[in-house]
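Worksheet: the structure to be examined is printed underneath.
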Amino acid sequence: MSDRKPPAKSRVPTTRLGRLVRLGFTAGELALGGVAEGVRRLGRVTPDDAINVFLTATNAEKLAHRLAGMRGAAMKMGQMLSMESADILPREFTDALATLRDSANRMPRSQVRGVLGREYGKGWESRFESFDYEPAAAASIGQVHRAVTRDGRKLALKIQYPGVAKSIGSDVDNMAMFLRMARILPIEMDISGIIAEVKRQLKEEADYLIEAEHLRTYHRLVRDEPGFVVPRVHEDLTTKRILAMDFLEGVPLESLGRPGVAQKERDRCGALLQGLLFRELFEFRTMQTDPNFANYLYREEDGRIVLLDFGSTAYFSKEFTERYGKISRALIDGDAGATRRYAEAIGYLRSSDSPEHAERVLKVIRLACEPICHRGVYDFGASDLIARARDAGIEMLFNSQGEWKAPPPETVFLHRKLVGSFLACARIQARVRVQDLISLYL
């Protein structure tokens, strides 16, 4: 079990102005923290001097605390930053932000009742035999409550935080501005395409009727896979702001990484996760792209993995997935020329990029694909890949000479899934023949 204190309860700021003020206050806090860190470093040279003084563990903890209170798109972007930038930002910074992946402040009881009343109408309590006001989980967009209906169904009700759907556009814009102010994002980088994609995805994620459809689709896609279980949707209690589904029991998947768990079981679950990743990309062309640890449970009674939270689900074109298949094959074969061509086709490189910049980008790509290029068993738990990828990312960032461009917008959520799947396998210390699994699709 984690030693971290349970998240606090706080009202969700529901107005755009209120959310902007909180984010502005956070920016001020981090600016002061950056100045203090700059003063602390004066007069001495350390290996950290290449890293911006804003990117400290203390500042990251402040940022995580504020975003956990805001919830919504602002918190979701903090989660993405902790994973998507793990190969660029200092480890202390991303580690502190990692707390956002599985925790948020809880809504007070009055706000919970307010949402239930608006969605179900007056007298909503009569629908339930029992309702637990203490949430079983709280994330960026909503929190989950246990309930039992009058006819005996045991449900998980995912209740959306009030105001977050209306504030997505302003939250994303304000967070992007904030990340530039803190110099977490290069000022010269054009991220307009990524911002538009993030807004589109988060607006979809805030519509629980859409998530219910994703859930039904995914339930159908994995029905032939006995290693996974997906909750069913309960249509009569599902609305745009409340998602009703089966309440499924399980322990956190990361508990498999504790001492005493058989390595064989860790490896089996790691292979399930990696195999599912490749099925999603190449077979289903449908991917759950929010791989937070909290979205996986492990059922000790039958060894099945429970898959939760399908709000962030991406659908890929055949052309898109074929390009990833081709670059994967080129990387496995060690074909540098083909790797460069497909990197350009996907949009990671331009034909006009200098050979030096291209090699730095390709180095990061090769590192990211190390598990599939490794012949035999890849030991996720013993791998230092994240640290090596971070060093390569920092080198690319500081030596790009203005050539570095944002990745293609359509790859943003795929990257999040790739990083998250790696981290999940590392956390449970799995050893997997990854190349064998992806080769089934190449």
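The values are calculated or read from the model by the stated rules, or taken from the named source; none is laboratory data. Model, not experiment: these values are computed from the prediction. Cβ atoms come from the backbone with ideal geometry, glycine included; neighbour counts cover every protein chain shown.
One table, with the values for the structure above:
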| item | result |
| --- | --- |
| Checklist (1) more than 19 Å from Ser312 (Cβ to Cβ); (2) not in a loop (DSSP other than H, G, I, E, B) applied to Gly260, failing item | (2) |
| Test set (1) assigned to a loop (DSSP other than H, G, I, E, B); (2) without any contact (Cβ under 8 Å) to a residue 24 or more places away in the chain; (3) of a type outside the set (A, V, I, L, M, F, W, C) - Asp290 fails condition number | (2) |
| Condition met for Arg258 (of a type in the set (Lys, Arg) and buried (at least 19 other Cβ atoms within 10 Å of the Cβ)) | no |
| Residue list for region 288-305, restricted to those being of a type in the set (A, V, I, L, M, F, W, C) and either buried (at least 24 other Cβ atoms within 10 Å of the Cβ) or at pLDDT below 95 (or both) | Phe293, Ala294 |
| Test: residue in region 173-196 that is modelled with pLDDT of 90 or more and of a type outside the set (Lys, Arg) | no |
| Verdict on Gly381 being in contact with a Pro (Cβ under 6 Å, 6 or more places away or on another chain), in the same structural domain as Phe282 (by TED's automatic domain parsing) and under 29 Å from Glu265 (Cα atoms) | no |
| Selection within region 350-361 - crowded, with 18+ Cβ neighbours inside 10 Å and within 18 Å of Asp335 (Cα to Cα) | Ala358, Arg360, Val361 |
| Members of region 261-283 that are of a type outside the set (A, V, I, L, M, F, W, C), crowded, with 21+ Cβ neighbours inside 10 Å and under 19 Å from Arg329 (Cα atoms) | Gln274, Glu280 |
